[in-house]
Amino acid sequence: MTTETTEQETPTPEPFGGLGQAARNVFTAENTLLVTFLAVALALVAGAVLMVVSDTTTLDKAGYFFASPGDFFSGAWHDISSGYSALFKGAIFDPATVSGTPAQFFGPITNTLLLATPLIFGGLAVSLAFRAGLFNIGGQGQLIIGAIFAAYASFAWHLPIGLHVVVAVLAGALGGMLYGALVGWLKSWRGAHEVIVTIMLNYVAFYLLGYLLNAHGFHDPTKAGQAVSKPADPNARLPHLFGDSVGTDVGLVIALAATLATAWLLGRSKLGFEVRALGINPRAARIAGINVARTQILAMALSGLLFGLVGVTQTLGTTNPNNNSLSPNIDAGLGFDAITVALLGRNRPWGIVAAALLFGAFNAGASVMQASAGLPVDIVNVVKAVIVIFVAAPRLVQEIFRLRARRASVATGGQA
């Protein structure tokens, strides 16, 4: 009798306890954080190209490029460095303000935080609906209804300090929640597509706002000929977070609290599990005993609630230039900007915070870039659009940077 033995094949041990493989895994196509970072880098390169081609002086130097290439490269570097330097100074920190007042020193970063606050709410709203398999593009309408509720509570009622602002914030959240729940009800019980419904409800909210801004009891009688509401009571306005000299208000704290709550809801709660299960496979969720109609309504209601808080920040926050009154352009395009923020944040709560901060920085620095560097604000809008394009099509980034697919190392062995 003969016995044939085969030795089990063992994998080659990784150096440094597996850190080598971990380091290599960073540079793979599956690393969404790396892909997002590279998408931002590519967008900044595209922005740099636009800065160069928008300067006619630099383009004139390109006419004799082969005779004196140094002139063109010098002009191009001046355009790019001055543009992004001004963007940084307007969004993060200006070294010239080191010896200035606290408002000047912290002004850029607090402006970024202020402009990022509504984007955090909006991004969370879009992602929460998306995780339930719903596409909520009704942010414009929901934030308008939230703003109407918050504005009415702010000027029609006169409550003690502290209580009034809480009531106004809750009123705005309630308005957005009811408008979002309406979409969920039409979707779950009447089979209406949420995209069509939200688009139509955006128009309803917009024209309702236009009517109210000219209606008796809502319109400010001291502003004849202007479509604005009565100003909010001072007790109902969101207080400043770092003092009156700095623009950031407590809306930022509410936004971070909403992020924590959303992360807990999706990751730790029974409702969050039902929302995620519904988003993955509605049929399987129904077979598993999940009440699909109820979950859809709750998901859209919570999404609308978050958009209602966007309306609160626009109405009662420090960004409102009209003495905390409503105006026809109260939405400021935030309903659609929220979609790009949610996409860039990969529909993850803390990723949305990071994406909102990035877009807030772009928005805060754009005006400074135009004023000091003479570059158009549209360059920043193009950069944001290119970021979204590359994030939405990660295969482009993977092919440009030659990111390899991660190989799973599986040790196999047998005995014959």
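The values are calculated or read from the model by the stated rules, or taken from the named source; none is laboratory data. Note that the coordinates shown come from a computational prediction; the quantities given were computed from them, not determined experimentally. Neighbour counts are summed over all protein chains in view; Cβ atoms, including those assigned to glycine, are modelled from backbone coordinates with ideal geometry.
The table that follows gives values for the structure above.
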{"item": "Residue list for segment 205-233, filter: touching a helix residue (DSSP H, G or I) at 6+ places or on another chain (Cβ under 7 Å) and either charged (D, E, K, R) or surrounded by fewer than 13 Cβ atoms within 10 Å (Cβ to Cβ) (or both)", "result": "K230, D233"}
{"item": "Hey, A129 aliphatic (A, V, I, L, M), on the phi < 0 side of the Ramachandran plot and touching a residue at least 60 places away in the same chain (Cβ under 8 Å) or not", "result": "yes"}
{"item": "Number of the exception - A255 against (1) more than 21 Å from A356 (Cβ to Cβ); (2) assigned to a helix (DSSP H, G or I)", "result": "(1)"}
{"item": "Selection status of F93, hydrophobic (A, V, I, L, M, F, W, C) and not in a helix (DSSP H, G or I)", "result": "yes"}
{"item": "Residue match in segment 75-87 (condition: touching a residue at least 60 places away in the same chain (Cβ under 8 Å), of a type outside the set (D, E), more than 26 Å from L344 (Cα to Cα) and part of a helix (DSSP H, G or I))", "result": "yes"}
{"item": "Checking L134 against (1) in a helix (DSSP H, G or I); (2) under 19 Å from the mean Cα position of the chain (by Cα); (3) of a type outside the set (K, R), the condition it does not meet", "result": "(1)"}
{"item": "The lone exception for S229 - which of (1) at pLDDT below 95; (2) over 21 Å from V310 (Cα atoms) it fails", "result": "(2)"}
{"item": "Hey, A301 farther than 23 Å from H240 by Cβ and either at pLDDT below 95 or in a loop (DSSP other than H, G, I, E, B) (or both) or not", "result": "no"}
{"item": "Identity of the residue in segment 269-279, more than 23 Å from the chain's Cα centre (by Cα) and part of a helix (DSSP H, G or I), that ends up surrounded by the most Cβ atoms within 10 Å (Cβ to Cβ)", "result": "L278"}
{"item": "Pairs, first free of Cβ contacts under 8 Å to residues at least 24 places away in the same chain in segment 296-316, second outside any helix (DSSP H, G or I) and of a type outside the set (G, A, S), C-beta under 7 Å, six or more apart", "result": "none"}
{"item": "Pairs with Cβ under 6 Å, 6+ apart, first in segment 210-234 and within 16 Å of A153 (Cβ to Cβ), second part of a loop (DSSP other than H, G, I, E, B) and among the small types (G, A, S)", "result": "S229/S325; P231/S325"}
